[in-house]
1. State all residues of segment 20-52 that are outside any strand (DSSP E or B) and surrounded by fewer than 18 Cβ atoms within 10 Å (Cβ to Cβ); if no residue qualifies, say none.
2. Name every residue in segment 25-66 that is of a type in the set (Lys, Arg), more than 17 Å from residue 80 (Cα to Cα) and at pLDDT below 95, in order of residue number.
3. Can you tell me which of (1) surrounded by fewer than 14 Cβ atoms within 10 Å (Cβ to Cβ); (2) in contact with a Gly (Cβ under 8 Å, 6 or more places away or on another chain) is the one residue 166 doesn't meet?
4. Pick from segment 139-163 the residues that are open to solvent by less than 50 Å² (accessible area, probe 1.4 Å), out of contact with any strand residue (DSSP E or B) (no Cβ under 6 Å at 6 or more places or on another chain) and of a type in the set (Gly, Ala, Ser): which of them is modelled with the highest pLDDT?
5. Among (1) more than 30 Å from residue 113 (Cα to Cα); (2) touching a Lys or Arg at 6+ places or on another chain (Cβ under 9 Å); (3) at pLDDT 90 or above, which single condition is residue 69 missing?
6. Among the candidates 93, 65, single out the residue that is charged (D, E, K, R), free of Cβ contacts under 8 Å to residues at least 60 places away in the same chain, loosely packed, with under 15 Cβ neighbours inside 10 Å and in a loop (DSSP other than H, G, I, E, B).
7. I need a count of the residues in segment 7-19 that are over 19 Å from residue 146 (Cβ atoms) and either aliphatic (A, V, I, L, M) or surrounded by fewer than 16 Cβ atoms within 10 Å (Cβ to Cβ) (or both).
Amino acid sequence: MTDKWAFDASDGELVVHTGVTGRAARMGHRLTIAVTRWRATVNWAGTEPVGVELVAETESFEVLRGEGGVKGLSGPEKVMAKSNAMKSLDAGRYPEIRYAATDIAKNDGGYRLTGALQIHGKSRDHVVDVRTEDLGDSWRMSAESLVRQSDYGVKPYSLLMGSVRVADEVAVSFTAVHAKDD
């Protein structure tokens, strides 16, 4: 086994799912946003992972779809939603979101990663449970994690004087496949 695995968007997907809150929440869209440029590494000591790092380029967010709302999400509205997200994240100043885990414990179905998540220039401890699946010639890894934007100094986008707001908590999902030969 090699001592380092490397992944990027060609090996899987990193997706953010938002919710909507506020008095007029039914007017807003729950967004599915792909992160199109990211890279991850897993460092190994023998047969055990000892370090994981994932870096996502903030400006690579792409709004895939919006569910709910009064009407469907149009192309120009997707562009506006991305622009609003970039402003909330201050993407020009903070071009990357990083996660680095140095405490990795085996659990049922995979591993529990404990490390630091850095968003908007602020770092906090964060735990991620990664599921692993043996596909024969490769491994599939998947994870879902909830992130509260305000914990990182990010003010979720709102409109109509706060009557429609992006929910503070977003769900992040990750899936990747790595060949056993690599």
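1. 23, 24, 25, 26, 27, 36, 37, 46, 47
2. Once the filter is applied, which keeps residues that are of a type in the set (Lys, Arg), more than 17 Å from residue 80 (Cα to Cα) and at pLDDT below 95, segment 25-66 yields only 26.
3. Unmet condition: (1).
4. This residue is 163.
5. The single condition residue 69 does not satisfy is (3).
6. Of the residues listed, the single one that is charged (D, E, K, R), free of Cβ contacts under 8 Å to residues at least 60 places away in the same chain, loosely packed, with under 15 Cβ neighbours inside 10 Å and in a loop (DSSP other than H, G, I, E, B) is 93.
7. Keep residues of segment 7-19 that are over 19 Å from residue 146 (Cβ atoms), which gives 7-12.
Now drop any that are not either aliphatic (A, V, I, L, M) or surrounded by fewer than 16 Cβ atoms within 10 Å (Cβ to Cβ) (or both), which leaves 8-10.
Adding up the residues that qualify gives 3.
The values are calculated or read from the model by the stated rules, or taken from the named source; none is laboratory data. Note that this is a predicted model, so its numbers are computed, not measured. Every residue, glycine among them, receives a Cβ derived from its backbone with ideal geometry; neighbour counts consider all protein chains shown. For accessibility, only protein heavy atoms count, side chains too; no ligands or nucleic acids. Shrake-Rupley method; radii C 1.70, N 1.55, O 1.52, S 1.80 Å.
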